[in-house]
Structure formats: C-alpha cells, structure tokens
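Down below is the structure, laid out as structure tokens.
The values are calculated or read from the model by the stated rules, or taken from the named source; none is laboratory data. Values in this document were obtained by computation on a predicted structure and should not be read as measured data. Here the Cβ positions follow ideal geometry from the backbone for every residue, glycine too, while neighbour counts run over all protein chains shown. Ligands, DNA and RNA are stripped out before the accessible areas are found, and what is left, the full protein with its side chains, is counted by its heavy atoms. Shrake-Rupley method; radii C 1.70, N 1.55, O 1.52, S 1.80 Å.
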Number of protein chains: 2
Amino acid sequence: MPIELSASQALTLWHDVSLQQVRVGQHDLTLRQISILLHIYLMPPPHTVRGLAETLGVTKPVITRALDTMGELQLVSRSRDDKDRRNVIIKRTLEGALYLEKLGDLIIDQGRKLSI
Amino acid sequence: MPIELSASQALTLWHDVSLQQVRVGQHDLTLRQISILLHIYLMPPPHTVRGLAETLGVTKPVITRALDTMGELQLVSRSRDDKDRRNVIIKRTLEGALYLEKLGDLIIDQGRKLSI
DNA sequence: AAGGATCGTTACGGAAGCGTTTCTTTTTGT
DNA sequence: ACAAAAAGAAACGCTTCCGTAACGATCCTT
C-alpha cells in the first residue's frame, strides 16, 4: 500500500529528520555518502565502484573517496572480487546496519508525529 | 493522522529521495544547508543567525556561511532588523519556495511508489 | 604472448566547509 | 555618558570534498 503524503507533511518529515541528523551529528555524512550507504544496504548485491558511480551519476573517484571515509567509520567494507580481480565488492558491516537501523527508527518516529 | 511507516519503507523512501537529489544535483546543498532552508520555510518567522545556530546545534559562523552560499543561489535573503539593528532577519525567496516545492513533490512521488 | 580495454586508486590543484578567534556595529545597564 | 554585553561577519588555519588526469593491476582478444 502506497504512502499518501501532503506537501506539508512531506517537507515537515524531511525537515524533522534532517534536523535530528544534524543535531546528533554523530557521523556527519554527506548526501552522497548517505545515498551510497543506503544503496548498498537496500539493493541486491554485488555492488562495485563502477556500478555505484553509474547509479549515482558521479565519477568513480567520488565513490572511492566515499568508501574510504565510510570504511574508516566501519560502515562498509571492501574486498576484491575473486572471479574478476579488477573488481572490488562493497560489503555491509554490522556497524553500518546499526547506523541505518537508527536512521530508520528516526524516520518512523518523525512520521508518527506527523499530523495533517 | 500520523504516517505509519515500516522500517523498510522508511529507509527506501530516504534512499529514493536522496538518490534523486544526488542525481539531479542542481544545487548540491549539504545536510546542514537543507535543514536551515527547511527551517526557514516551515517554522514561523522571524529567523536570526543566533536562533538558527541554537536550533541546529552549530556555531554562528556555520549559519553565516550557509546563508552566504544559499544567498548566492537566491534561495534565501537577509536584511537588517530595524527594531534591533544588530539582528539579521532571514527571509524566504521565490526561488527558495520553488526549490522546496520540487523537493516536496519528489518526496510525495517516492512515497506514493512505496509498497509493503 | 602481446596489445588493448576495463577496473579501481592515486595525484593534483582548486573550491568549500569546519571551529576558534577577532572585529565592528549596536544595544543595554548603570 | 560610558562600559559591558550581544549579534553577526570576517579572518585564520585546517580538513574534506570535488573533477580531471594519470596510474598500476587484471582481463580479454586475437
């Protein structure tokens, strides 16, 4: 069943969640980094640098750098593809799953508070 | 009436909207800038630098810089408060309203596509 | 086996963001 | 009237991101 949002509700939801994200500011990811992270966790694997670059419409170094950053934060991990050792397979981590779980809860909570 | 979202729906919504934002990438605002913009347009005025800094939990120069950037993009405008000329009042613009209207439509569209 | 294509990374110069500190203008309190 | 306080901006050094271009490593084709 689809979610029916009014314009006001849509923007209020975005506002409230963004504000909370800024206020707690635990990791301070950019919009691109969040997109990458969500894509890795929501879309079926395997995920490669090239594939992510195409999906997001950005250059490959952008993906490499984002993975560097999020790798240090333990939100994702990388390993060579044994089938084709040119490829790098991006994998999920426990830390990343927990981070997104918290984000999901935040969105749900803010959505619950919405009234017309 | 509150919006009831499942965890999967919540993250999918965030994913889809973030992805579209990155892909079109017309303005490339940071999460903080988006928060400020939404706050200005959704919360009752007046809005000051100090007030925004407190709301977001950041320092005042962060707000000043964000307003510089978004001012150049015509998304907001600033003017001195005549009542207390130390204050700067942040105002909405047509361009900013259009930008957020598009964002609202995007969220609504993606929400509509969501299924359990 | 060799040349070319593909994949991810690194290097580079530049742009933009950050927090702290300093400064100017304006208001407030005595 | 004058010192202290407050608001916002500017200056500073630092970090991080950006896109382009160049680079090794690996695969594919012949």
Worksheet entry | First in the stretch A:96-116 and more than 8 Å from chain B (Cβ to nearest Cβ), second anywhere and in a loop (DSSP other than H, G, I, E, B) and surrounded by 12 or more Cβ atoms within 10 Å (Cβ to Cβ), Cβ under 8 Å, 6 or more apart | A:96/A:74; A:96/A:75; A:99/A:27; A:99/A:75
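Quick grid of which residues meet (1) within 12 Å of DNA strand D (Cβ to nearest atom); (2) open to solvent by less than 50 Å² (accessible area, probe 1.4 Å); (3) at pLDDT 95 or above; (4) aliphatic (A, V, I, L, M):
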{"residue": "B:35", "(1), (2), (3), (4)": "no, yes, yes, no"}
{"residue": "B:38", "(1), (2), (3), (4)": "no, yes, yes, yes"}
{"residue": "B:43", "(1), (2), (3), (4)": "no, no, yes, yes"}
{"residue": "B:48", "(1), (2), (3), (4)": "yes, yes, yes, no"}
{"residue": "B:52", "(1), (2), (3), (4)": "yes, yes, yes, yes"}
{"residue": "B:61", "(1), (2), (3), (4)": "yes, no, yes, no"}
{"residue": "B:68", "(1), (2), (3), (4)": "yes, no, yes, no"}
{"residue": "B:77", "(1), (2), (3), (4)": "yes, yes, yes, no"}
Worksheet item: How many residues are open to solvent by 80 Å² or more (accessible area, probe 1.4 Å) and of a type in the set (A, V, I, L, M, F, W, C) when one looks only at the stretch A:100-116?
Response: 1
Worksheet, complete the sentence: The correct count of residues that are open to solvent by 20 Å² or more (accessible area, probe 1.4 Å) and either facing another protein chain (nearest Cβ under 8 Å) or of a type in the set (Phe, Trp, Tyr) (or both) in the stretch B:9-18 is 2
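Every residue, every condition in (1) more than 20 Å from residue A:15 (Cα to Cα); (2) without any contact (Cβ under 8 Å) to a residue 40 or more places away in the chain, yes or no:
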| site | (1), (2) |
| --- | --- |
| B:39 | no, yes |
| B:45 | no, no |
| B:49 | no, no |
| B:52 | no, yes |
| B:64 | no, yes |
| B:70 | no, no |
| B:79 | yes, yes |
| B:82 | yes, yes |
Worksheet entry | Checklist (1) within 17 Å of the chain's Cα centre (by Cα); (2) more than 9 Å from every other protein chain (Cβ to nearest Cβ) applied to residue B:61, failing item | (1)
Discussion item. For the stretch A:21-32: of the residues being at the interface with chain B (Cβ under 10 Å from one of its Cβ atoms) and without any contact (Cβ under 8 Å) to a residue 40 or more places away in the chain, which is surrounded by the most Cβ atoms within 10 Å (Cβ to Cβ)?
Written reply: A:22
